[in-house]
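Below is one structure, written out as structure tokens; the observations come after it.
Every number here is computed from the coordinates shown, using simple stated rules; none is lab data. Just so you know, these numbers come straight off a predicted model, no measurement behind them. Here the Cβ positions follow ideal geometry from the backbone for every residue, glycine too, while neighbour counts run over all protein chains shown.
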Ligand SMILES: NC(=O)c1ccc[n+]([C@@H]2O[C@H](COP(=O)([O-])OP(=O)(O)OC[C@H]3O[C@@H](n4cnc5c(N)ncnc54)[C@H](OP(=O)(O)O)[C@@H]3O)[C@@H](O)[C@H]2O)c1
């Protein structure tokens, strides 16, 4: 099948990378429609060396689309998800609107591609901090069951969108030129030369929504509701790639050599074998892989390890994962299934 593909949010940070990754991977399509808000109507974006005019996301512009990638905010996903489903297409949603919906698979193809079999017209991709973490955990749980996970994140500003990258750049430029920091628009505090130990709003239990997303999404993807999990999510003045320091406790012996062997064969993951070799956000940028480094024993528990994990949040954290889901849906003939219950 050569699908008609539409991208809602084509002008955004994820949309930009989506267009590059789709061209690199020669994503099968017979037509590509680039959609955004009314503000972008008539703009031109390049796809694989060819200009395409951007149009407003409307019902008419979605008519006949087989696969719709949505990378805007939750209200946009909620507006168009039911419409795409009703028109018989499938929406692959980058946002958080449907991730925890029990009728919506939340998928990292290397882990739970089989969950695509029960989609009903909407598939979600995880938060950009969840994806690399679950890839490492999925490999490790082949050695011993997971008991408890704690993580601290160091998240790039591109995770907030294109406007946040502009804000960091403007602040860095102002500091370099000895000027006052321009008025804040995206974050509530200066991000350059600073770290913000709050990502997203606070929830009722004093965790932030980002921290709860990591916990809930990890449990859903791994099909392990009883996994003990706590995270602290932090925004850092880095443009691209999210990093995480992760502690994992196992429910039984997990020999280091067996863990390394499991990580080595995990598709999409690169293990840096030498525990004294580091990998930084800049080194992970523009790669589709999740990198695991500094793997070492956690001596504070009976069976546990600590590691560092870095991933390009706009690639495997967003666009690449979404495109891999489309490839998997096409491979399994799950786009426009006639018997699909909707
Ligand atoms: N950045 C990441 O690392 C990352 C990772 C995973 C998931 N996500 C998710 O991906 C989504 C997009 O993130 P982003 O970083 O690309 O944000 P962004 O740079 O702010 O881009 C937002 C996009 O949404 C479009 N949009 C806004 N309102 C719209 C409307 N009413 N109808 C149609 N399109 C509309 C914008 O179009 P205009 O240009 O016309 O305003 C723009 O193309 C978010 O849900 C985010 O949570 C992001």
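Data table
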read-out: Gain on full stretching of the segment that runs from residue 194 to residue 223 - 0.36 nm per residue minus C-alpha separation; value: 6.8 nm
read-out: Rule-of-thumb Rg ratio for the stretch 128-198 [Cα; 2.2 N^0.38 Å; N residues]; value: 1.57
read-out: Ranked 214, 1, criterion: other C-beta atoms within 10 Å, fewest first; value: 1, 214
read-out: Rg/Rh (Cα only; Kirkwood hydrodynamic radius) as it applies to the chain; value: 0.97
read-out: Estimated 222 nm signal from helices in the chain, with DSSP H stretches of n ≥ 4 weighted -39500 (n - 2.57), rounded to 500; value: -8500 deg cm²/dmol
read-out: DSSP bridge pairs, the stretch 1-148: antiparallel proportion in percent, nearest 5; value: 15
read-out: Residues 2, 56, sorted so that the one with the fewest Cβ neighbours within 10 Å comes first; value: 2, 56
read-out: Tail fraction, Cα-Cα pairs, the stretch 172-229, threshold 12 Å, whole percent; value: 74
read-out: Quotient of Cα Rg and 2.2 N^0.38 Å for the stretch 258-342, N being how many residues it contains; value: 1.46
read-out: Values of log10 I(q)/I(0), in the order q = 0.19, 0.24, 0.27 Å⁻¹, for the stretch 34-111 under a Debye, Cα-only, solvent-free model; value: -0.88, -1.20, -1.34
read-out: The chain - share of DSSP beta bridges that are antiparallel (%, nearest 5); value: 50
read-out: Translational diffusion coefficient (Stokes-Einstein; Kirkwood radius from C-alpha pairs) of the stretch 130-313 at 25 °C, 0.890 mPa s, in µm²/s; value: 141
